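Structure, as structure tokens:
The values are calculated or read from the model by the stated rules, or taken from the named source; none is laboratory data. None of these values were measured; they are calculated from a predicted model. So basically every Cβ, Gly included, is an ideal-geometry build from the backbone, and we count neighbours across all protein chains shown.
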Amino acid sequence: MDEWTDDAEVVVIGGGAAGLNGALMLARARRSVVVIDAGAPRNAPADGVHGLLARDGTPPAELLAQGRAEVRRYGGRVVDGVVAAAVRDGDGFAVTLADGRAVRARRLLVTTGLVDELPDVPGLRERWGRDVLHCPYCHGWEVRDQAVGVLASGPMSVHQALLFRQWTADVTFFTHTVPAPTPEQVEQFAARGIRVVDGEVAAVEVVDDRLVGVRMDDGRLIGRDALVVATRMVARDRFLADLGCHAVEHPNGVGEHVPADPTGRTAVPGVWVAGNVTDLTAQVSAAAAAGATAAAHINADLVAEETALAVAALRAHSAPPAPASRALRPALSTGMRR
Ligand SMILES: Cc1cc2nc3c(=O)[nH]c(=O)nc-3n(C[C@H](O)[C@H](O)[C@H](O)COP(=O)(O)OP(=O)(O)OC[C@H]3O[C@@H](n4cnc5c(N)ncnc54)[C@H](O)[C@@H]3O)c2cc1C
């Protein structure tokens, strides 16, 4: 871990794909940058990162360890810690950690990701990221042609069932506690051969560290190799409250995100966001790209500020123009005419 510093041009809060790629860009832009990271990326339970060009299948921890090394290669610092609060401090920010350390920054890049709130079904949490899944692009290939269940648990559940049908012909939709599918959705399921099971799922059944099915509340066991759930995705934003920067309900009802423009700039001057904290559906590649984009805009913002300050200083220190002497006047005016 790097030595603590109490001052940096940019503090990056969160060291996942978004934060580390942002920090890499800023360090390469010769900015002093500190990444503060609690070390719990969203995909930690997964074996590998899939769909990532040139690094497909790399374990999440290995990818981030390499990212940290790349940031450090350019002089960026990465420290372990949990940010508890960020407040405005003059023309910058004061960031305080849960352990009392503090650092001042001119700009903030917030990349703290999100929390997946899981459906409350006994046994489900323990299987999360292994055979309880959410994203076909992350895990679809791994469960291709297997018996997949989709637990209706959010507004995207019907969509998830139709998507997973692309990877396997054996999909069962459990209506569980949400309203039954509409007649149109029932027709879509029938057309795609997706079975619908009514009733509440009481538990996830596991044998020899492997999901084998779901137990219905009427006692039936329905065999499945994997269970797909829709989590409620909630941005990790609490420490930003004092800055007036906070998550709002996402328009499609899947959770809460911190709104920002396409460059990651929030409504609070000097604060940028990238990755899952703002884009709930971003995969690793998209989160990393957003971190890089935000970093480039932060650097441009600092350059603009520094240029304005330099121009003001230049004007303040420039001597007022001396009146031209009589002898010089003809030459000057000749020069101007040329
Ligand atoms: C089970 C599972 C499997 C997945 N598989 C894939 C896959 O195969 N391919 C793929 O592309 N995507 C996958 N994803 C999605 C992937 O996890 C996200 O795209 C990615 O993690 C988003 O990166 P991020 O940097 O925005 O957030 P994260 O990776 O979650 O990083 C956020 C970091 O901020 C830290 N943090 C949070 N709060 C604080 C704080 N207050 N102070 C300091 N640090 C803090 C966290 O500890 C964490 O290290 C998967 C997701 C899940 C849930």
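Please find, within the range 181-203, the residue that is nearest to Val143 (Cα to Cα) out of those that are in contact (Cβ under 8 Å) with a residue 12 or more places away in the chain and part of a loop (DSSP other than H, G, I, E, B).
The initial filter retains those residues of the range 181-203 that are in contact (Cβ under 8 Å) with a residue 12 or more places away in the chain, namely 181, 185, 188-189, 192-203.
With part of a loop (DSSP other than H, G, I, E, B) added as a condition, the list becomes 181, 193-194, 198-200.
On the way: Pro181: 24, Gly193: 17, Ile194: 16, Asp198: 23, Gly199: 25, Glu200: 24 Å.
Restricting to residues being in contact (Cβ under 8 Å) with a residue 12 or more places away in the chain and part of a loop (DSSP other than H, G, I, E, B), the top hit is Ile194.
Checking Val95 against (1) surrounded by 20 or more Cβ atoms within 10 Å (Cβ to Cβ); (2) more than 15 Å from the ligand (Cβ to nearest atom), which test does it fail? For Val95, the exception is condition (2).
Which members of the range 213-228 meet the condition of being touching a Leu at 6+ places or on another chain (Cβ under 8 Å) and either without any contact (Cβ under 8 Å) to a residue 12 or more places away in the chain or not acidic (Asp, Glu) (or both)? Scanning the range 213-228 gives Gly213, Val214, Arg215, Arg224, Ala226, Leu227, Val228. From the list Val206, Val178, Val115, the one residue that fits, being assigned to a strand (DSSP E or B), away from the ligand (no atom under 13 Å from the Cβ) and β-branched (Val, Ile, Thr), is Val206.
Only one of the numbered conditions (1) of a type outside the set (Val, Ile, Thr); (2) out of contact with any Gly (no Cβ under 6 Å at 6 or more places or on another chain); (3) under 26 Å from Leu302 (Cα atoms); (4) within 13 Å of the ligand (Cβ to nearest atom) is violated by Ala274, and that is (2).
Considering only residues that are among the aliphatic types (A, V, I, L, M) and away from the ligand (no atom under 13 Å from the Cβ), look in the range 22-34 and name the one that is farthest from the chain's Cα centre (by Cα).
Applying the first criterion (among the aliphatic types (A, V, I, L, M)) to the range 22-34 yields 23-27, 29, 33-34.
Filter once more, keeping what is away from the ligand (no atom under 13 Å from the Cβ): 25-27, 29, 33.
Details: Met25: 17, Leu26: 18, Ala27: 20, Ala29: 22, Val33: 19 Å.
Filtering the range 22-34 for residues that are among the aliphatic types (A, V, I, L, M) and away from the ligand (no atom under 13 Å from the Cβ), the one farthest from the chain's Cα centre (by Cα) comes out as Ala29.
Just the residues that are under 21 Å from Leu240 (Cβ atoms), of a type in the set (Val, Ile, Thr) and outside any strand (DSSP E or B), please, taken from the range 42-97. Across the range 42-97, the qualifying residue is only Val82. Considering Ala61, Ala105, the condition of being farther than 20 Å from Val11 by Cβ, at pLDDT 95 or above and either more than 12 Å from the ligand (Cβ to nearest atom) or among the hydrophobic types (A, V, I, L, M, F, W, C) (or both) is satisfied by Ala61 alone. Remark: Ala46 matches the filter, which requires a residue to be within 11 Å of the ligand (Cβ to nearest atom), small (Gly, Ala, Ser), modelled with pLDDT of 95 or more and surrounded by 18 or more Cβ atoms within 10 Å (Cβ to Cβ). When the range 209-239 is limited to residues that are assigned to a strand (DSSP E or B) and of a type in the set (Val, Ile, Thr), the one that is surrounded by the most Cβ atoms within 10 Å (Cβ to Cβ) turns out to be Val228. Among the criteria (1) buried (at least 17 other Cβ atoms within 10 Å of the Cβ); (2) out of contact with any Ser or Thr (no Cβ under 7 Å at 6 or more places or on another chain), the one Gln188 does not fulfil is (1).
Among the residues making up the range 138-172, those that are in contact with a strand residue (DSSP E or B) (Cβ under 7 Å, 6 or more places away or on another chain) and in a loop (DSSP other than H, G, I, E, B) are Gln146, Ala147, Ala152, Ser153, Gly154, Arg165, Thr168, Asp170.
What residue, of Gly39, Gly19, is near the ligand (Cβ under 8 Å from one of its atoms) and in contact with a Leu (Cβ under 8 Å, 6 or more places away or on another chain)? Lay out the reasoning, then the answer.
Working: Gly39 fails: in contact with a Leu (Cβ under 8 Å, 6 or more places away or on another chain).
Every option except Gly19 fails the conditions.
The set of residues in the range 119-137 being farther than 14 Å from Gln166 by Cβ, near the ligand (Cβ under 10 Å from one of its atoms) and not in a strand (DSSP E or B) consists of Gly129, Arg130, His134.
I'm told Thr231 meets every condition in (1) hydroxyl-bearing (Ser, Thr, Tyr); (2) in contact (Cβ under 8 Å) with a residue 60 or more places away in the chain; (3) more than 16 Å from the ligand (Cβ to nearest atom) except one. Can you identify the failing condition by its number? Of (1) hydroxyl-bearing (Ser, Thr, Tyr); (2) in contact (Cβ under 8 Å) with a residue 60 or more places away in the chain; (3) more than 16 Å from the ligand (Cβ to nearest atom), only one is false for Thr231: (3).
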